[in-house]
Amino acid sequence: MKKLIAATASLAVCAALAQQDFSKVEIKATQLGPTTWMLTGAGGNLGVSAGDDATFLIDDQYAPLTERITAAIAKISPKPVKFVVNTHWHGDHTGGNENLGKAGVVIVAHDSVRKRMSTDQFIELFKMKEPASPHVALPVVTFADAVTFHLNGDEIQVMHVAPAHTDGDAIVYFSKSNVIHMGDTYFAGMYPFIDTSTGGRIDGMVAACDKALALGADDTKIIPGHGPLSNKVELKAWRDMLAAISTRIHKMVADGKKLEDIVAANPTADFDSKYGGGFVKGPKFVEMVTLNVMKNP
Ligand SMILES: [Zn+2]
């Protein structure tokens, strides 16, 4: 009974971000180059480098999907996952850490990811509690600025960006394969969630896009944290949308407008048809950005 209550409580906690029935989730692999793949299932998009040296994974979605993720990777390479990089601490990107950690996979992330996963967290916007992760799920290698993996003929550059979606984001540049994984600094085709309560900043989201846009070439393939495979043209348009909405809201906050007045002014109106179809709708995005700007004027 105790177990059942705990399970029910944890389900309620996850409901805001994860209303999926995992039994029906399929992991699909899309090959992006000779040694790189994007995998989708439920939760954050995965990136994979596989080849002669070792299998390298970006993010690991939810614990119930670990077996399906490793089965999908087994179809790509006979080598099991040796390293996993977490793009940030959120549970839809780190939920598989415990299983992978137990299997001996080396977990790598920004310093802040380990810090946040070590203690209970609270995502204010969704009133969502995220309990501390077990020891085995924590990153064992952490970095402050950047770390490079020399694997499979690639140079995989994992780079921290200034606070954007959280305070511990990393973007990953597969420099030889011409692929970038942006973690949740990019939600392709939809308004993003910005986690103000763990250090996220709208201005940092724009800066992270600028950093990615300066890497690679015109034809660089972009794996967003959420949404379909993307490219620089779409990323640039999305970045400009963020910058435009940020500028409008900064001005209204500077003018002393209240949250309800700013939401009523509908500053996302001209973007809602293109980006308002995700889990964050226009008015929620305005509320999120306004509270973010009020906290970080
Ligand atoms: Zn996230």
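The values are calculated or read from the model by the stated rules, or taken from the named source; none is laboratory data. Quick caveat: nothing in here was measured; it's all calculated off a predicted structure. Every residue, glycine among them, receives a Cβ derived from its backbone with ideal geometry; neighbour counts consider all protein chains shown. These area figures cover heavy atoms from the full protein model, side chains too; ligands, DNA and RNA do not enter into them. Shrake-Rupley method; radii C 1.70, N 1.55, O 1.52, S 1.80 Å.
Key figures for this structure:
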read-out	value
Search result, residues across segment 92-113 that are within 16 Å of the ligand (Cβ to nearest atom) and surrounded by fewer than 24 Cβ atoms within 10 Å (Cβ to Cβ)	Asp92, Ser112
The listed residue being without any contact (Cβ under 8 Å) to a residue 60 or more places away in the chain, surrounded by fewer than 22 Cβ atoms within 10 Å (Cβ to Cβ) and touching an Asp or Glu at 6+ places or on another chain (Cβ under 8 Å), out of Asn231, Asn178	Asn231
Residue, nearest to the ligand (Cβ to nearest atom), within segment 190-214, restricted to residues that are of a type outside the set (D, E, K, R), open to solvent by 30 Å² or more (accessible area, probe 1.4 Å) and over 25 Å from Met294 (Cβ atoms)	Leu213
Within segment 185-216, tally of residues that are part of a helix (DSSP H, G or I), out of contact with any Cys (no Cβ under 8 Å at 6 or more places or on another chain) and closer than 20 Å to Thr94 by Cα	3
Residue under evaluation Val280, criteria (1) in contact (Cβ under 8 Å) with a residue 40 or more places away in the chain; (2) surrounded by fewer than 18 Cβ atoms within 10 Å (Cβ to Cβ); (3) not in a helix (DSSP H, G or I), criterion not met	(2)
Long-range neighbours under 7 Å by Cβ, at least six apart or interchain, first residue more than 11 Å from Gly225 (Cβ to Cβ) within segment 44-66, second at pLDDT below 95 and surrounded by 24 or more Cβ atoms within 10 Å (Cβ to Cβ)	Gln61/Gly43; Tyr62/Gly43
Condition met for Lys127 (open to solvent by 30 Å² or more (accessible area, probe 1.4 Å), among the charged types (D, E, K, R), modelled with pLDDT under 95 and more than 16 Å from the ligand (Cβ to nearest atom))	yes
Matching strands (runs of 3 or more DSSP E) fully within segment 21-83 where at least 2 residues are small (Gly, Ala, Ser)	28-33, 46-49
Residue match in segment 49-57 (condition: more than 19 Å from Ile180 (Cα to Cα), at pLDDT 95 or above and open to solvent by 10 Å² or more (accessible area, probe 1.4 Å))	yes
